[in-house]
1. Work out the length of the dipole vector of the stretch 56-113 about its Cα centre, built from +1 on the beta-carbon of each Lys and Arg and -1 on the beta-carbon of each Asp and Glu, and round it to the nearest 20 debye.
2. Using 1/(1 + (r/R0)^6) with R0 = 45 angstrom and r between the beta carbons of Glu93 and Ala200, what's the FRET efficiency to the nearest 0.05?
3. Convert each backbone phi in the stretch 219-234 into a coupling constant with the Karplus relation 6.51 cos²θ - 1.76 cosθ + 1.60 (shift: θ = phi - 60°), then list the ³J(HN,Hα) values in order as whole Hz, x for Gly and Pro.
4. Take the Cβ-Cβ distance between Asp330 and Asp305 as r, set R0 to 25 Å, and report the resulting FRET efficiency rounded to the nearest 0.05.
5. Place a +1 charge on the Cβ of each Lys and Arg in the stretch 314-437 and a -1 charge on the Cβ of each Asp and Glu, then give the dipole magnitude about the Cα centre in debye, rounded to the nearest 20.
6. Which value in nm describes the separation of the simple spin-label points at Asp82 and Ser472, placed 7 Å from the Cα toward the beta carbon?
7. Taking 0.36 nm per residue of sequence separation and subtracting the Cα-Cα distance, how much length would be gained by fully extending the chain between Leu31 and Ser130, in nm to one decimal?
8. If each residue of separation counts as 0.36 nm, what is the full-extension length gain between Thr256 and Lys237 once their alpha-carbon separation is subtracted?
Amino acid sequence: MTDSPGRVRGWASGLLRLTSLRLRLVVVFALVALTAAVSASGIAYWLNRDAVLTRTQNAALNDFRQSLADHVRALPMRPPCDQLRAAAEGMAENTTQRYQVVLVDRERDGGECAAPSDVDSFTMASVPRSLRTAVDERRPADEGDGLPYHLYWQRVTLDGEPFLVGGAKVIGGGPTGYMLKSLASERDDLNSLAWSLGIATALALVGSALLAQAAASTVLRPVQRLGDAARRLGEGKLDTRLRVSGTDELAELSRTFNAAAASLEKRVEELSGREEASRRFVADMSHELRTPLTAITAMTEVLEDEADNLDPMIEPAVRMVVTETRRLGDLVENLMEVTRFDAGTARLVLDDVDVADMVTACIDARAWLDAVELDAERGFVARLDPRRLDVILANLIGNALKHGGSPVRVSVRHDDAWLTIEVKDHGPGIPEEVLPHVFDRFYKASASRPRSEGSGLGLSIAVENAHIHGGSITAANAPEGGAVFTLRLPVDAAPQEPDEHEQDHE
């Protein structure tokens, strides 16, 4: 099972390579070259095939026609079979076209004689019936050239070998002659041509792939540099620029990228300056407010102690001043804490903490024992920051009591690596449209109640404290009702602490 992420990454990487632009360019070039080469080779093959076969058959048929006329002229009417055979052998021997002949005629006794030049090579059994029918058919005088008989031919395959079969009837009552010529040499020549064209097609395909690779490298190298630059820009290296050369579209794209990067760098510097100024302002304001707030808080404590002795008309105002002064103090402290998180100066002070005792102490310090149920195993110790854990628990439990209502149940679970604390209330739950924003700063679930007892920073501070431990907080609604906040922290947060060198560098 431990190899499955590696296999998934390898499969994803392989898929990316299979769908890369380089491969697509090579495939397109190869397909175009293959289509063109196959089309050209096919056209060339069929043209050559037609030319070779036409030239061969015309030469053989013309020679056969002339030889038939020459040899039949010397034969008597109704010649005997031996004379027909001698004529057939003479026709086959006295030709350069290397064909066999069968002469067919009726003898004087009315019988039919079929005289082959070579009985082992060519007999009437090899002549297709359709060719015999066409040769014996007498045409009317008003059709074609006015002659009653014509020379016909047909290409056939006998025992797996190609042959040309031709036939003609001698006009004026002479014999009928048939010839059989082998086309094996022409077939071999055409096969050699097909192999040559196939090799040429394969070479064209390889050449197109190499050409596509070269073209892809030429085109994709600037694109790859652009991608690397965009990646570095996304990593925050805003001074990234591309070297521009040439005047083509890719050079123009590089110039556009450089201009965009320069504009982005300038804009980010402006925003960073404003953010830094805003953060410094909040920090300075919070720091400056602490001194007068300390004095005001001391005065409000005196007023609170004397509230029972004040005029009944003044007492409500005094108590409101005391409450609002405390709220203002909490807000200033929260703002200072948020500023430390934003500035990256917040640090963990780790200690070995008994989690159950820590949760109990947090609840007891705020007088929540009667409203909170605790389900935690005693004696489990985790290495955490006690102060920040107390802040997280106080915000989660206080939020559950304020918005969900008691009883609030706090459950603590753990394994060898993680500590899980679940805070569940029995209220109406969190509206679905509010869930994504519960940890936002100053977020108010109801626009009709923009002012509440809290500062609106408690849950966001709790999340930041969880993150600095290397943990997280999630919010959800329980199926049976009520909101559930789940805190997950590492049992030992020490690996999350930056080392001294990193702290000094910062």
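1. On the way: 7 positive and 9 negative charges, 30 e Å.
Dipole of the stretch 56-113, to the nearest 20 debye: 140 debye.
2. Numbers: r = 42 Å, r/R0 = 0.93.
It comes to 0.60.
3. With the stated coefficients, the stretch 219-234 comes to 7, 7, 4, x, 5, 5, 4, 5, x, 4, 5, 5, 5, 5, 5, x Hz.
4. 0.75
5. The calculation lands at about 340 debye.
6. With each label placed 7 Å out from Cα toward Cβ, I get 11.2 nm.
7. Values: separation 99, 0.36 × 99 = 35.64 nm, distance 4.47 nm.
Stretched fully, the Leu31-Ser130 segment lengthens by 31.2 nm.
8. Extra length available between Thr256 and Lys237 comes to 5.1 nm.
Rule-based calculations on the coordinates, nothing more; no lab input. On a predicted model such as this, the values are computed, not experimentally measured, just so you know. Cβ atoms come from the backbone with ideal geometry, glycine included; neighbour counts cover every protein chain shown.
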